[in-house]
1. For Asp57, enumerate residues with amide H under 5 Å from its amide H, sequence gap 5+ or separate chain, H modeled in the peptide plane.
2. Whole-Hz ³J(HN,Hα) for each residue in the range 147-161, computed from phi via Karplus 6.51 cos²θ - 1.76 cosθ + 1.60 with θ = phi - 60°, x for glycine and proline: what do you get?
3. Treating only the Cβ atoms of Lys and Arg (+1) and Asp and Glu (-1) as charged, compute the dipole magnitude of the range 95-135 about its Cα centre; round to the nearest 20 debye.
4. May I ask you to order 152-160, 137-145 by the average number of other C-beta atoms within 10 Å around their residues, highest value first?
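Read-outs: derived from the displayed coordinates by stated rules, not from any lab. Source: prediction; values computed, not measured. Because the Cβ atoms are built from the backbone with ideal geometry, glycine has one as well, and the counts that use them run over all protein chains shown.
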Amino acid sequence: MRSRRSLGRLAAVVFTGAIVFAGCTDSGSEEGQTPGESEASEASDGGGNGGMEHPMDGGPAPEGMVPAEDPEFPVGTEVTLTADHMEGMEGATATISGAFDTTTYSVSFTPTDGGEPVTDHKWVVHEELENPGEAPLAEGTEVVITADHMTGMEGAEATIDSATEETVYMVDYEADGMMMTNHKWVVESEIEPA
């Protein structure tokens with residue numbers, strides 16, 4: 001009886017997982033995606049990211065990123081997030097998975113997939129812009145994003161809204177029962193000690 005119940009639960013989990021997986025993929029090409037990239041979590045309406053999906057695994061930092069020499073929150077540190085970029089982020093406990101010295105930008109752009117315009121998206125780092133030139137870029141500068149944090153972001157033309165020289169972090173955290181790994185990006189002022 002117990003194994004029949006376990007088998008039923010396993011079937012329910014597999015079926016539910018298949019539905020969730022099917023609902024999270026898009027009709028676009030999956031070529032070049034790593035496992036987990038098709039799983040996504042929706043961003044909150046706060047910060048102008050509403051309706052956009054972030055991959056569950058953000059992957060490695062872009063080439064050319066310089067690790068921070070003496071970050072306030074070293075890799076492995078448990079912290080509390082004060083940012084509200086995504087649903088369930090504000091107040092979440094997170095672990096620092098990367099700390100970098102670079103210029104970080106808030107940008108506005110129209111997704112390449114025809115989605116609604118995104119305003120004041122936090123954050124894109126200098127290394128995620130196509131041929132950006134010298135940092136920092138001035139407010140109002142037109143750029144092309146090479147990051148793929150969200151559907152329709154890679155290749156989008158964007159405008160720099162603001163820039164910061166704060167240490168920028170990748171974080172692992174759980175929100176609404178989903179584990180986000182290497183989430184890009186959170187700046188130092190959006191983090192508190194746990």
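1. Close amide H contacts, sequence-distant or interchain: Thr181.
2. In residue order, the calculated couplings are 6, 10, 4, 9, 4, x, 7, 4, x, 6, 7, 9, 10, 6, 8 Hz.
3. For the range 95-135, the charge dipole is close to 140 debye.
4. In descending order of packing, they fall as 152-160, 137-145.
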